[in-house]
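Notes for the one structure printed next.
Each value in this text was obtained by applying a stated rule to the coordinates, not by laboratory testing. Keep in mind that this is a model prediction, so the values were computed, not measured. Cβ sites come from the backbone with ideal geometry, for glycine too, and all protein chains shown count toward neighbours.
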Amino acid sequence: MQDADVLIAGAGPTGLMLAGELALAGVDVALVERRASQALAGSRAGGLHSRTIEILDQRGIADRFLSEGQVVQVTGFASIRLDIGDFPTRHNYSLGLWQNHIERILAGWVDELAVPVHRGCDVTGFAQDDTGVDVELSDGRSLRAQYLVGCDGGRSLVRKAAGIEFPGSDPTISSLIAEVEMREKPQLGIRRDALGVHALGRVEYEIRNREVVFLDRGPIRVMVTERQLGATGEPSLDDLKEALVTVYGTDYGIHSPTWISRFTDMTRQAAAYRNGRVLLAGDAAHVHAPDGGQGLNTGVQDAVNLGWKLAQVVHGTSPDSLLDTYHAERHPVAARVLRNTMVQVALRRADDRTNALRETMADLLGMDEPRRRYAAMMSGLDIHYDLGEGHPLLGRRIPDLDLVTANGPLRVFSLLHDARPVLLNLGEHDLDIVPWADRVRPIEADYDGVWELPALGAVSAPTAVLIRPDGHVAWVGDGQLLGLTEALTTWFGPPAAG
Ligand SMILES: Cc1cc2nc3c(=O)[nH]c(=O)nc-3n(C[C@H](O)[C@H](O)[C@H](O)COP(=O)(O)OP(=O)(O)OC[C@H]3O[C@@H](n4cnc5c(N)ncnc54)[C@H](O)[C@@H]3O)c2cc1C
């Protein structure tokens, strides 16, 4: 007896996004979450980058986030601001919105999609066989599913129990992060010294003239680098006081912490994102320093790459080898994030030579071409899955073009709301996709504008494009239909008989 097609361990941002994707694709999915409610102690991640906002737009839910957050130019590298205001995307900015709000909004969406959440219990172990996975819960229950996905964070039990290696580097620095009250008025802003970077700010802020302006009320968010590495156990108020005195010469009379946590620059990545019927996504698959604000974004994007593939395998429309493309596509993306965070951590140091290096980087990134390339990387807009040689669009995100159809104007992203593949016919092709008609939606449209990609610039206009549910281009037509049947079969399963 099966309890669900797919079980997801962990209802953080990655698990929630994956649950939504699977539910949209008609998969019977359930979440298992340790926390008794979605409430998150502390604010954690600070927002969403452009590509993540686009992904939410592809599902028709970006406005829920945009209406609660603050639009801001904070794409950056090693604290060097990289403006993406001229990028060819509707969302040429980042969104300042704390993780607790991001999770609440995602959980609301998942709730609308009627995904059951087993709250207040841990996944404690599992055993997989040829047809499924038996998942043990801390309340003594055992649930059976076809697949288990570990979205259970950096200390992932699922990863460990699956025996998946987690190679990488040990931490070189350790920081405390907290939300507290202060009796004295602190000096808000960023401070650098020999220990590293420290920051004091208010949780509540506004964007005025494109700058963050802290409100004069509410808790203070503290981020302070510790003198020593290797502390074990939960950090205390005394640890925080000591770290503040070391850096600021005072603890500002801190009291009433709502949250104190420790993070490091430990940098590790799962050697494999899949072991049979068990997969990993988000922090369970990769951990790194928070520099550049990429962790949550990468996890949500993992989920959107995996969701439709897993749905097709569960429905039996694609062979289970499709799941191997998840590792092949997403492992290099996070490997690049790990590399760039290591560089950013190295540039955090405050000695004269590192300061000179950072100034040189700032000079270089002030030039247009490097700025565009790094901004495209940090915003996630340049992600390119290696689908072979061909048109520059192949493997990249489809831009959200304004199409004209027989039924009126249409945005490309609106075609992806239900997470189904689309074959966009922009030329005079006679497209026969009858054998895939149950899976792929054909759209006839005109588009006379420019095709422009972030960092790459203008590319030649295709005559047809096959778009995967994650918004990446699986095939490009250039007047001919060469390779379309193969692409349809590779990505959406063999043709239906009949
Ligand atoms: C200081 C700081 C700042 C950051 N800033 C940013 C930023 O600006 N932008 C950004 O993109 N990222 C940022 N991050 C990273 C971001 O917070 C994480 O990458 C993100 O939370 C990962 O999401 P996740 O769902 O993969 O994992 P998590 O958020 O860790 O969620 C895992 C979930 O699984 C649950 N769980 C764990 N074990 C089990 C189990 N055995 N059974 C059931 N449930 C379990 C947990 O309760 C949790 O809800 C920051 C992180 C820190 C520490």
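Each Lys and Arg adds +1 at its Cβ and each Asp and Glu adds -1 at its Cβ; summed about the Cα centre, the chain shows a dipole of about 1220 debye.
Separation of segment 375-409 and segment 65-128, taken as the distance between their Cα centroids, equals 21 angstrom. Counting other Cβ atoms within 10 Å of each Cβ, which GluC sites (Glu not before Pro) in segment 166-266 have at most 10 and sit in a DSSP loop? Here the sparse-neighbourhood loop sites are Glu184.
The percentage of C-alpha pairs in the chain whose separation is greater than 32 Å is 43%.
Nearest 0.05, what FRET efficiency do Ala328 and Thr172 give at R0 = 35 Å with Cβ-Cβ as r?
Values: r = 30 Å, r/R0 = 0.87.
It comes to 0.70.
Cut-off 16 Å, label point 7 angstrom out along Cα-to-Cβ of Arg227: give me the residues of segment 331-360 whose amide nitrogen falls inside. Counting only backbone N, you get no residues.
Restricting to Cα pairs below 8 Å that are 6+ residues apart, what does the relative contact order work out to for segment 1-90? Please round to a whole percent. Walk me through the intermediate numbers first.
On the way: 59 pairs, mean separation 15.9, N = 90.
Answer for segment 1-90 is 18 percent.
If R0 equals 51 Å, the separation of the Cβ atoms of Ser321 and Asp402 corresponds to a calculated FRET efficiency of about 0.85. Counting 0.36 nm for each residue step from Ser67 to Thr250 and taking away their Cα separation leaves a gain of 62.0 nm. Listing Cys121, Cys151 from fewest to most neighbouring C-beta atoms within 10 Å gives Cys121, Cys151. Straight-line reach from Lys241: taking Cα to Cα under 20 Å and skipping same-chain neighbours fewer than 8 places apart, the lysines in range are Lys185. For segment 270-326 versus segment 429-462, the inter-centroid distance based on Cα atoms is 26 Å.
Placing +1 on the Cβ of every Lys and Arg and -1 on the Cβ of every Asp and Glu, with nothing else charged, gives segment 267-362 a dipole about its Cα centre of roughly 100 debye. Taking a spot 7 Å from the Cα of Thr354 along the direction of its beta carbon, which residues of segment 318-348 have an amide N less than 19 Å from it? Under 19 Å, as judged by backbone N against the label point of Thr354, lie 338-348 of segment 318-348.
Site pair Asp130 and Arg104 shows an inter-label distance of 5.0 nm when each label is modelled 7 Å from Cα along Cα→Cβ.
Run the helix sum for the chain: -39,500 (n - 2.57) per DSSP H stretch of 4+ residues, divided by residue count, reported at 222 nm to the nearest 500 deg cm²/dmol.
Working: 11 runs with 135 residues, N = 498.
So the helix-based figure for the chain works out to -8500 deg cm²/dmol.
You can think of it this way: the chain between Ser79 and Val450 has 130.3 nm of extra reach, that is 0.36 nm per residue less the Cα-Cα gap.
Under conditions of 10 °C and 1.306 mPa s, segment 1-99 yields 103 µm² s⁻¹ as its translational diffusion coefficient, taking Rh as the Kirkwood radius over Cα pairs in the Stokes-Einstein equation. Look at the dipole of segment 129-210 built from charges on Cβ: of Thr131, Tyr147, Ala199, the Cα furthest out on the positive end belongs to Ala199.
How high is the relative contact order of segment 140-243? Use alpha-carbon pairs under 8 Å, at least six apart in sequence, and give a whole percent.
On the way: 117 pairs, mean separation 26.5, N = 104.
Relative contact order of segment 140-243: 25 percent.
Taking Cα pairs under 8 Å and at least six residues apart, what relative contact order does segment 333-482 come out at, in percent? Here the relative contact order equals 21 percent. Seen from Arg141, the other residues with C-beta closer than 12 Å to its C-beta sum to a net charge of -4, counting Lys and Arg as +1 and Asp and Glu as -1.
How far, in nm, would the chain grow between Asp438 and His417 when pulled straight, counting 0.36 nm per residue and subtracting the alpha carbon separation? The partial results should precede the final answer.
Details: separation 21, 0.36 × 21 = 7.56 nm, distance 1.68 nm.
Difference between extended and current length: 5.9 nm.
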